[in-house]
Every structure is written in C-alpha cells, then in structure tokens.
1. Please report the net charge: other residues with Cβ closer than 15 Å to the Cβ of K138, K and R +1, D and E -1.
2. Using θ = phi - 60° and the Karplus form 6.51 cos²θ - 1.76 cosθ + 1.60, what ³J(HN,Hα) does each residue of the stretch 135-140 get, whole Hz, x for Gly and Pro?
3. Provide, in order from the shortest bin, the percent of all Cα-Cα pairs of the stretch 109-256 in each 10 Å bin, continuing until the bin that contains the maximum pair distance.
4. Which sequence of H130, H139 reflects their accessible areas, 1.4 Å probe, from the largest down?
5. Of Y110, Y221, Y168, which has the most accessible area and how do the rest follow, probe 1.4 Å?
6. Do the alpha carbons of any pairs in K194/K218; K106/K218; K105/K218; K138/K218; K178/K218; K106/K138 sit beyond 25 Å of each other, and which pairs?
7. With every protein chain left in place, what is the accessible area per residue of the stretch 158-235 in square angstrom, probe 1.4 Å?
8. Report the net charge of residues surrounding E211, where surrounding means a beta-carbon distance below 9 angstrom and charges are Lys +1, Arg +1, Asp -1, Glu -1.
Amino acid sequence: MKKIPVFAIFCFVILWITACSSNDSGSSDEASQNSANSSSEIGVEMKEEMDHSSEEQATEDAAKNTAEQSEVESEVTQTDRMIIHQAQLHVEVKSVEQARGNIEKKVNAYGGYIVEANVYRGQDDEVSGHMTVRIPEKHFQAFLNDAEEEAAEVLERSVTGQDVTEQYVDLESRLKSKRAVEERLLELMEGAEKTEDLLKISSELADVQEEIEVIVGKMNYLENQTDYSTVNIELYENQVKIPNVDGEKLDTWEKTKKQLATSSNFILAAGSGLIIFIVGNLPVILIVLLIGAGVIVFVKRKKKGDK
C-alpha cells in the first residue's frame, strides 16, 4: 500500500517535466517564428526606406539639373541679345571720289572708323572703289540709309545677322569656373611647403591662366563684333566718257609726205623694172624688131606688085 503513492508521485513528476519541456519547446518555436517575422518585417521596411531614399535622391538630382538649365536659360533671356550684323552694298555713283568723301564724313559723324578704302582706275578711264567700315550697332540702319542716298542706283543690298548670345553666356560661365580654380590654386600655392608641390601647382596655375586669357580674348572679340557692325561698299562710276580728239594721231602733213613718198617709190620702182627689162632683153627685142621690119617690108612690096 505504501508503494502505490510513491509510484504515482513519480509518474506525476515525469508527466509534469514532460509537459514543461513541451511548453518550453513550443514557446521557443513561437519566439523563433516571431523573431523571423520581425526580421522579415524590418528588412522590408529597410528596403522600402532605401527605395524611397533613392527616389528622393533621383528627384533631387533631376530638380537640380532642371534648376541649372533654367538658370542658364534665364541668363540668356535676361541678357540683351548679342547680334553680329554685316552688310554688303553695291552702288552706282556719279563720282567715286565725291561719294567716298561723303561716306567718310558720315562714318566719322556716327563714331565709326574706316578699315579699308581703295580706288581703282581701269581701261577707258573706268573708275571704281571699295570701302570697309565699322559702324556702332545703334547707327547701323541709319548709316545704310545714308550710304544709299549717295548712290544713283543701288545694284545690291545684303544684310546678315548672327546671334552669339548663348556662346557669350557659355564663355562667361567657363570664365567664372576658371577664376574659381585660379583662386583655389593661389591659396594652395601660399600654403605649399615642398618645392615639388609648389612646382606642380605653378604648372597647373599657368595652364588655367592661359585658358582664362583665351576665354577673355573670345569674349572681347564677340563684344567688339556686336558693338560695331561691318559694312562693305562697292562703288561704280556711271559717267559716260567722251573720247578726246587726239591731235597727235591726225598729223595730216606727215601722212601726206608719207603717201607722196610711197607713190614716188612706186613710180621709180616701175621705171627701174622697165629699164631692167628692156636692157636685159635687148638682143631678143632687136631680133624681134628685125623680123617684124622684114615682114612689114615684104608685105608692102607684095601689095605694090599686085597693083
């Protein structure tokens, strides 16, 4: 009777331990499952967050590029348009010298300057001229009208324009960037301690300054071309030339003497030829004359005999 309770207690203890182990194992599996689920949720959240960050970065970059492009376009829009104007004029004038003088006065009045001026004289006293002038842009059209007023007839008029605004704005941006690099190199040169570093910085600085000079030269050229317009003028004189009487070419007395000498030479030459012919053929002539004389005598005697 005493062994039964002990055995029962022993079985109860084993069952309780087994149950506890099962609970611990279930709890552990559940915790592992929960941990895995949590990790998966965290990974998904991190991925979504990274994707969102990438999208935001891409959006910011696109917005930045758009802003820079808009800024350049705004600079081009806000800047006065830079146009290089050129004109070609071919005109007929009554007097090339007079027209050239009047055009030079107009050039000086408008504050321009003459690049080239030539006058040509061809055959039959044909006169023509060529002029290349630079006129301030604001007086360009007024000068063309004044130049046409000097013409008896306008043969050709051609006006061209080239917009260099964007090119000039691009040069300004490049110059600003090169100036910043130049300032940075100067700062590095001041803080350089080693000779090797100083030489390297000096070489890079020289290259940058050379590029700056090239850019500045291009900008100055564009400014000059847009501030002053170029006009090429061809002048043709339309006067009718009457030929002058050339007294030297008349020379009546000399021509008369020449003709008389020619006639005398012809007569002398003919007489000389006749004399040469007679003297040279004298024997033949004598024989012919004798034969002729004999024939005549014979004919006369025959007529007398018949009578």
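The values are calculated or read from the model by the stated rules, or taken from the named source; none is laboratory data. None of the values given here were measured: they were computed from a predicted structure. Using ideal geometry, Cβ is built from the backbone for each residue, glycine included, and neighbour counts are taken over all protein chains shown. SASA here: full protein model, heavy atoms, side chains in, ligands and nucleic acids out. Shrake-Rupley method; radii C 1.70, N 1.55, O 1.52, S 1.80 Å.
1. -2
2. Calculated HN-Hα couplings, in order: 10, x, 3, 5, 10, 4 Hz.
3. Histogramming the stretch 109-256 at 10 Å steps yields 8, 21, 17, 15, 13, 10, 7, 4, 3, 1, 0 percent.
4. Details: H130 30, H139 55 Å².
Ranked list, largest accessible area first: H139, H130.
5. Working: Y110 55, Y221 135, Y168 25 Å².
Sorted descending by solvent-accessible area, the residues read Y221, Y110, Y168.
6. Long pairs (Cα-Cα over 25 Å): K194/K218; K106/K218; K105/K218.
7. Roughly 65 Å² per residue, with all protein chains present.
8. Values: positive: R174, K178; negative: D207, E210, E213.
Neighbour charge sum, excluding E211 itself: -1.
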